[in-house]
Amino acid sequence: MVEENDAHAAELHEEIVPFLGERVVTMFAFAVADGFPAPAVAEPYRREIEESGDDPLDPQVTEAERLLLDWGRLRGAGRAGEQPELSERIAETFQPKLRELLESYASAVVDRCRREIVR
């Protein structure tokens, strides 16, 4: 089941990349894992972001990307529903299909975080 969940997360990652690009999808995964927090899950994403020349905690992003990262961090912490204005902005900025993919991907990253904490 664990490998199946990780394979599903990898599939979702690849499905989202054409919409947002590898860099943003990696930053989103980092934001979710960092928000959880699960350092062991966040670390590979952090390294990839740093290797690309960006700062994982203060990346150079567009307004839409910042919105996505803020939502990802809250989603990881289980607090995305606490800020309805953020959810409204997400709905205005991203198409329903992409939001669905992002929610599924965030859930998969959170599942990995939970499994890591249990170890």
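Per residue, the chain exposes an accessible area of 57 Å² to a 1.4 Å probe, with every protein chain left in place. Across the chain, Cα-Cα distances exceeding 26 Å account for 12% of all pairs.
Give me the Kirkwood hydrodynamic radius of region 52-119 in Å, from all C-alpha pairs, to one decimal place?
Details: mean 1/r = 0.0765 Å⁻¹.
Roughly 13.1 Å, rounded to one decimal.
In the chain, helical runs assigned H by DSSP with n ≥ 4 each contribute -39500 (n - 2.57); averaged across all residues and rounded to the nearest 500, the mean residue ellipticity at 222 nm is -26000 deg cm²/dmol. A simple rule links phi to the HN-Hα coupling: the Karplus curve 6.51 cos²θ - 1.76 cosθ + 1.60 with θ = phi - 60°, which for region 61-75 gives 9, 6, 4, 5, 5, 4, 4, 4, 5, 4, 5, x, 5, 5, 4 Hz, with x for Gly and Pro.
First compute the accessible area of the chain with a 1.4 Å probe, then give the percent of it belonging to carbon and sulfur atoms.
Numbers: 3340 of 6730 Å².
Ligands and nucleic acids excluded, carbon and sulfur give 50 percent.
Whole-Hz Karplus values for region 49-59 come out as 5, 5, 5, 7, x, 10, 9, x, 8, 8, x Hz, taken residue by residue from phi with 6.51 cos²θ - 1.76 cosθ + 1.60 and θ = phi - 60°; glycine and proline positions read x.
The values are calculated or read from the model by the stated rules, or taken from the named source; none is laboratory data. Remember, predicted model here, so these are calculated numbers, not experimental data. Quick note on the areas: whole protein, heavy atoms, side chains included, nothing else; ligands and nucleic acids left out. Shrake-Rupley method; radii C 1.70, N 1.55, O 1.52, S 1.80 Å.
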